[in-house]
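To start, the structure itself, in structure tokens.
The values are calculated or read from the model by the stated rules, or taken from the named source; none is laboratory data. Model, not experiment: these values are computed from the prediction. Counting neighbours? That spans all protein chains shown, and the Cβs are built from the backbone with ideal geometry, glycine included. Calculation scope for accessible area: heavy atoms of the full protein, side chains included, ligands and nucleic acids excluded. Shrake-Rupley method; radii C 1.70, N 1.55, O 1.52, S 1.80 Å.
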Amino acid sequence: MMKKLFAISLLFLAACSEQTTMETVTETTIDDRLNIELERLGFKDGMPELPPVFGPYEPSVVVDKEIYITASAAYTPEGTWITGTITNDTPAEHMLYAAELTVIQALNRIRLAIGGDLNNLGGLHNVVVMTTAPDDYPHVEMVAEATSAMIIRILGPELGKHERSILRSVSLPVNMTHETEIRAYTK
Amino acid sequence: MKAKFIQISIALIVFAITSFNANAQSDGFRDKETIDAAFMAELINLGFENGEYPDVEPGFTITENLIRTEPTSALAPDGSILQGHVPTDVTTEDVVHASALACAASINQLKMAAGGDLSNIRKIANIRYKTLTVKKYFDYIPASNSCSTMMLRVFGDTAGSHTRHAEGQATTAGNQTFQIEMLVYLK
């Protein structure tokens, strides 16, 4: 019962947050909104440097206007990865935090792929939310909603609108808890 | 054994000579002979007779200049395909080898999509590695790197560098251990 109440409360807060975003997004820049999110998540010096990749591949590839990024895991302000498999006892806020960090990591990869400025972004095609949560984990939908809401809070409702899918993986490389992949295009 | 040694030696000599020529190209793309020699060396190393891939059905779609390969299996020279979960049924080393086989199979598909000429490939944009696995397994990097390095060996950095994603699957068609999908641009 308490879990359900908590989940409903988080959904309500996410909805309120989205409503607020819709009202204020035209008055602020992408960089302003990004910095608010970065500070909230504990990044004191703006966008962090990209961590090294785990093999002979690229964080991003741009072909014509199409942007591809490698699936992005949760990299903390302390410079560590959030790892560990999700179980039914994992608190929702742990997954939400991991999901929001993956959004930062994904947008950072996109930003660096297009000249270091998200204002060069033309739009998003789709977002893939990748989770290691078990089939009956009750908060997957909420985490996906939070992922979409954060993207829209940063990019705005027009630039940030996207299709979305949820992919359940048995596990992820290096035992990552959560990953996000965004397909986007430049102006 | 001696014949295989001679085949590999010839392929490596041709690859070395053509690689030297490729380095002189200004646009960074390798020419057809260089790519063919590199691919042939990979096929010989994997045990395909005379460095030739067997006839298979096309498994891709092309939209404008974007090739999407279907999930491509790790077909061995003897016609078998690795089956079972890692690590309970097969080992990480088995999956690394399966990745190389699936990678060669994918390059063969790209060759068909490119009209028989791999120098028509402009960019490997994204590779998705799919492994049949159990919950506690997350050692995906060796298998992913197995194919990622092959793509660079065959196509070089300009066309072959790519983004990627690896996931663990609970079930797969035919109980196949490993499959690869690619998004690739034609020139």
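Annotations for the structure displayed:
- Exactly one residue out of B:Ala37, B:Ala76, B:Ala100, B:Ala113 is among the small types (Gly, Ala, Ser), within 24 Å of B:Asp157 (Cα to Cα) and within 13 Å of the chain's Cα centre (by Cα): that is B:Ala100.
- Residues considered: B:Val95, B:Val90. Of these, the only one that is closer than 24 Å to B:Thr171 by Cα, in a loop (DSSP other than H, G, I, E, B) and in contact (Cβ under 8 Å) with a residue 12 or more places away in the chain is B:Val90.
- Whenever a residue of the stretch A:66-92 is more than 30 Å from A:Gly122 (Cβ to Cβ), its partners that are loosely packed, with under 15 Cβ neighbours inside 10 Å and of a type in the set (Lys, Arg), lying with C-beta atoms within less than 9 angstrom and at least six residues away or across chains, give the pairs A:Thr85/B:Lys135; A:Thr85/B:Lys136; A:Ala92/A:Lys3.
- Total residues in the stretch A:144-166 satisfying the condition of being among the hydrophobic types (A, V, I, L, M, F, W, C) and either within 14 Å of another protein chain (Cβ to nearest Cβ) or open to solvent by 30 Å² or more (accessible area, probe 1.4 Å) (or both): the figure is 2.
Yes/no per residue for (1) farther than 29 Å from B:Asp27 by Cα; (2) within 12 Å of another protein chain (Cβ to nearest Cβ):
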site: B:Ala98; (1), (2): yes, no
site: B:Cys103; (1), (2): no, no
site: B:Gln109; (1), (2): no, no
site: B:Met112; (1), (2): no, no
site: B:Ile121; (1), (2): no, yes
site: B:Ile124; (1), (2): no, yes
site: B:Lys130; (1), (2): yes, yes
site: B:Val134; (1), (2): yes, yes
site: B:Tyr137; (1), (2): yes, yes
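- Among the residues of the stretch B:117-140, those identified as in a strand (DSSP E or B) and closer than 28 Å to A:Thr131 by Cα are B:Ile124, B:Ala125, B:Asn126, B:Ile127, B:Arg128, B:Tyr129, B:Lys130, B:Thr131, B:Leu132, B:Thr133.
- Selection from the stretch B:152-187 of residues that are under 25 Å from A:Thr102 (Cα atoms), of a type in the set (A, V, I, L, M, F, W, C) and open to solvent by 20 Å² or more (accessible area, probe 1.4 Å): B:Ala170, B:Leu183
- Screening the stretch A:61-96 for residues that are among the hydroxyl-bearing types (Ser, Thr, Tyr) and either open to solvent by less than 30 Å² (accessible area, probe 1.4 Å) or out of contact with any helix residue (DSSP H, G or I) (no Cβ under 8 Å at 6 or more places or on another chain) (or both) and picking the one that is farthest from the other protein chains (Cβ to nearest Cβ) gives A:Thr76.
- The stretch A:167-184, subset within 22 Å of A:Glu37 (Cβ to Cβ) and in a strand (DSSP E or B), residue nearest to the other protein chains (Cβ to nearest Cβ): A:Glu181
- Where B:Ile81 falls short, out of the listed (1) away from chain A (no Cβ under 12 Å); (2) under 12 Å from the mean Cα position of the chain (by Cα); (3) not small (Gly, Ala, Ser): (2)
- Residues (in contact (Cβ under 8 Å) with a residue 12 or more places away in the chain, closer than 17 Å to B:Leu101 by Cα and not small (Gly, Ala, Ser)) located in the stretch B:53-76: B:Tyr53, B:Pro54, B:Val56, B:Pro58, B:Thr69, B:Glu70, B:Pro71, B:Thr72, B:Leu75
- Here the condition is being surrounded by 19 or more Cβ atoms within 10 Å (Cβ to Cβ), at pLDDT 90 or above and not hydroxyl-bearing (Ser, Thr, Tyr); of A:Leu50, A:Leu41, A:Leu34, it holds for A:Leu34 alone.
- Qualifying residue in the stretch A:42-53 (condition: over 18 Å from A:Val103 (Cβ atoms) and within 14 Å of chain B (Cβ to nearest Cβ)): yes
- Within the stretch B:141-187, the set of residues being at the interface with chain A (Cβ under 10 Å from one of its Cβ atoms), under 15 Å from B:Ala125 (Cα atoms) and part of a strand (DSSP E or B) comprises B:Thr163, B:Arg164, B:His165, B:Ala166, B:Leu183, B:Val184, B:Tyr185.
Condition check ((1) of a type outside the set (S, T, N, Q); (2) outside any strand (DSSP E or B); (3) out of contact with any Asp or Glu (no Cβ under 8 Å at 6 or more places or on another chain)) across all residues:
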{"residue": "A:Ile110", "(1), (2), (3)": "yes, yes, yes"}
{"residue": "A:Gly122", "(1), (2), (3)": "yes, no, yes"}
{"residue": "A:Met142", "(1), (2), (3)": "yes, yes, yes"}
{"residue": "A:Ala146", "(1), (2), (3)": "yes, yes, no"}
{"residue": "A:Arg153", "(1), (2), (3)": "yes, yes, no"}
{"residue": "A:Leu159", "(1), (2), (3)": "yes, yes, yes"}
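- Unique match (being β-branched (Val, Ile, Thr), under 14 Å from the mean Cα position of the chain (by Cα) and either over 19 Å from B:Ile62 (Cβ atoms) or open to solvent by less than 20 Å² (accessible area, probe 1.4 Å) (or both)) among B:Thr92, B:Thr149: B:Thr149
- Filtering the stretch A:98-108 to residues that are among the small types (Gly, Ala, Ser) and touching an Asp or Glu at 6+ places or on another chain (Cβ under 8 Å) leaves only A:Ala106.
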